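Engineer: Shown below is the structure under consideration.
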Amino acid sequence: MSQLNILEFPDPRLRTVAEPVVSFDEPLEILVNNMRETMYQANGIGLAATQVNVHSRLLVMDVSSEQDDFMVFINPEIIAREGQQVHEEGCLSVPGIYANVKRAEQLTVRAQDVTGETFEKDLTGLAAVCLQHEMDHLQGKLFVDYLSPLKRAMVKKKLEKQRRQEVS
């Protein structure tokens, strides 16, 4: 397994809409394992393939505090949603930035596992937030898109400043 490079906002590749996964093979398993390692190494709870410059409809997540509930969703689609919640979100592609985003409180997702088997899963709370956040990535959307243009510009400036400080 190897750790993958996570793209950071405003990298234009984060805006790429992911294509459906059609081959359920060994390279897909390797990608899933590499994404798992990358997510855990970065102390994240979710990671979409788009964030590692693979434009396939694939995401991984684990919202457990013990990192023992790893989930893979391939070609996910939300088939039911209910309620609303506001949750402070962060993102591995927008490091150090957090903002409140309104999402569905409960949802049902239909997806495939790494073998291509279709399944449905009900998610609530943080798991529902995480899945919706990662699915946005598959559509080329970031959580900062929910912010006002002014706040988004401030985020961009803050990240640019952080990068300049890291270089010097």
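Engineer: Could you tell me which residue of region 110-135 is farthest from Gly90 (Cα to Cα), considering only residues that are free of Cβ contacts under 8 Å to residues at least 40 places away in the same chain and within 21 Å of the chain's Cα centre (by Cα)? It would help to see each step written out before you state the result.
Structural biologist: At the first step, the residues of region 110-135 found to be free of Cβ contacts under 8 Å to residues at least 40 places away in the same chain are 110-111, 117-119, 122-124.
Then keep just the ones that are within 21 Å of the chain's Cα centre (by Cα); that gives 110-111, 118-119, 122-124.
On the way: Arg110: 25, Ala111: 24, Thr118: 29, Phe119: 28, Asp122: 23, Leu123: 19, Thr124: 18 Å.
The extreme case among them is Thr118.
Engineer: Inside region 35-53, can you point out the residues that are closer than 16 Å to Ser2 by Cβ and surrounded by fewer than 17 Cβ atoms within 10 Å (Cβ to Cβ)? Break it down into steps so the answer makes sense when it comes.
Structural biologist: Step one: list which residues in region 35-53 are closer than 16 Å to Ser2 by Cβ, which gives 35-42, 47, 49, 51-53.
Across region 35-53, the qualifying residues are Glu37, Tyr40, Gln41, Ala42, Asn53.
Engineer: I'd like the full set of residues that are of a type in the set (S, T, N, Q) and over 15 Å from the mean Cα position of the chain (by Cα), limited to region 1-23. Even if it seems obvious, please write down each step before you answer.
Structural biologist: Narrowing region 1-23 to residues of a type in the set (S, T, N, Q): 2-3, 5, 16, 23.
Across region 1-23, the qualifying residues are Ser2, Gln3, Ser23.
Engineer: Oh, and also: Among the residues of region 3-16, is there at least one that is part of a loop (DSSP other than H, G, I, E, B) and among the basic types (Lys, Arg)? Walk me through how you get there before you give the answer.
Structural biologist: Going through region 3-16, the residues part of a loop (DSSP other than H, G, I, E, B) turn out to be 3-11, 16.
Retained after the next criterion (residues that are among the basic types (Lys, Arg)): none.
Within region 3-16 (the criterion being part of a loop (DSSP other than H, G, I, E, B) and among the basic types (Lys, Arg)), the answer is no, since none of the residues qualifies.
Yes/no matrix, rows are residues, columns are (1) of a type outside the set (A, V, I, L, M); (2) outside any helix (DSSP H, G or I); (3) out of contact with any Pro (no Cβ under 8 Å at 6 or more places or on another chain); (4) modelled with pLDDT of 95 or more:
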{"position": "Ala127", "(1), (2), (3), (4)": "no, no, yes, yes"}
{"position": "Asp136", "(1), (2), (3), (4)": "yes, no, yes, yes"}
{"position": "Asp145", "(1), (2), (3), (4)": "yes, no, yes, no"}
{"position": "Lys151", "(1), (2), (3), (4)": "yes, no, yes, no"}
{"position": "Lys157", "(1), (2), (3), (4)": "yes, no, yes, no"}
{"position": "Glu160", "(1), (2), (3), (4)": "yes, no, yes, no"}
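The values are calculated or read from the model by the stated rules, or taken from the named source; none is laboratory data. The shown structure was predicted, so the numbers you read here are calculated from the model rather than taken from an experiment. Backbone-built Cβ (ideal geometry, glycine too); neighbour counts: all protein chains shown.
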